[in-house]
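Have a look at the structure below before the remarks.
Each reported figure results from applying straightforward, stated rules to the coordinates on display, with no laboratory input. Bear in mind the structure is a predicted one, so any value in this text is a computation, not a measurement. No Cβ is skipped: glycine too gets one built from the backbone with ideal geometry, and neighbour counts run over all protein chains shown.
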Amino acid sequence: MTAIPLMPKATAVWLVDNTALTFEQIAEFCHLHPLEVKGIADGEVAAGIKGMDPVMYEQLTRDEIEKAEADANYRLKLKVSSVRLPEKKRTKGPRYTPLSRRHDRPNAILWLVRSHPELKDAQIMRLVGTTKTTIQQVKERTHWNAAQLQPMDPVTLGLCTQIDLDFEVNKASKDRPVIVDEAAHTLLPAEVTTARDSAEPFAGFSAKREEVQEEAIDVDSVFSKLKQLKTAE
């Protein structure tokens with residue numbers, strides 16, 4: 001199992017505020033998405049979270065940070081702790097949502113339904129820790145607070161991470177069947193194309209031939225009149 005720093009988001013806040021590390025370096029060390037780190041730098045994500053110094057808590061050394069600041073391609077290495085913590089076992093079922101965030105779940109569901117209609121109900125349940133009944137109520141506009149719901153990004157609300165959202169969206173896109181428009185790829189019969197292409201030039205040629213014939217007839221009549229005039233003289 002890959003070692004993860006304690007309080008990764010708080011550690012990311014401290015690294016953004018106190019170092020010159022790139023978003024990618026901080027994201028990989030804290031196991032976050034680079035867009036989450038960018039949101040922290042812009043003040044849109046992790047608002048109100050106090051930064052945690054990883055050097056003070058012996059998760060990083062100052063030399064390791066300086067080495068990473070000098071080389072953008074260098075990846076931070078978590079300092080090995082002498083204290084072994086038991087592995088956290090993830091239980092099956094919906095994600096646990098803190099009480100302070102539970103009222104935001106319908107807004108997050110509405111955002112997911114509108115922005116990513118390819119997501120299945122089970123995926124939305126995993127992302128925001130809700131129930132299938134609530135999802136159906138939001139979709140059908142029968143939720144008790146439907147008139148006040150506003151679509152809000154669950155990552156911004158802190159209900160899920162950008163990595164989890166991207167994983168579910170990519171998974172749903174792979175499972176989605178590709179629809180091919182058969183009418184757009186259907187060729188017309190050869191009889192239709194050849195008849196249409198061959199008829200047009202012949203039609204123009206016949207019209208020109210009739211004009212030439214008319215002109216020839218007019219010339220003959222003119223010459224015959226001239227002959228009559230000469231004979232009369």
Would you tally the net charge around T61, using a Cβ to Cβ cut-off of less than 14 Å, leaving T61 out, and scoring K and R as +1, D and E as -1?
-> -2
Virtual spin-label span in nm between V55 and F167, 7 Å along Cα→Cβ = 3.3
Burial-style ranking of 135-147, 160-172, average other-beta-carbon count within 10 Å with highest first, yields 160-172, 135-147
Report the extension gain between H116 and A146 in nm, rounded to one decimal, defined as 0.36 nm multiplied by the number of residues separating them, less their alpha carbon distance.
-> 8.9 nm
Of all the C-alpha pairs in segment 8-70, what % are more than 17 Å from each other?
-> 30
Grab the eigenvalues of the alpha-carbon gyration tensor for segment 99-175, scale each by 5, take roots, and send me the semi-axes largest first in whole angstrom.
-> 19, 14, 10
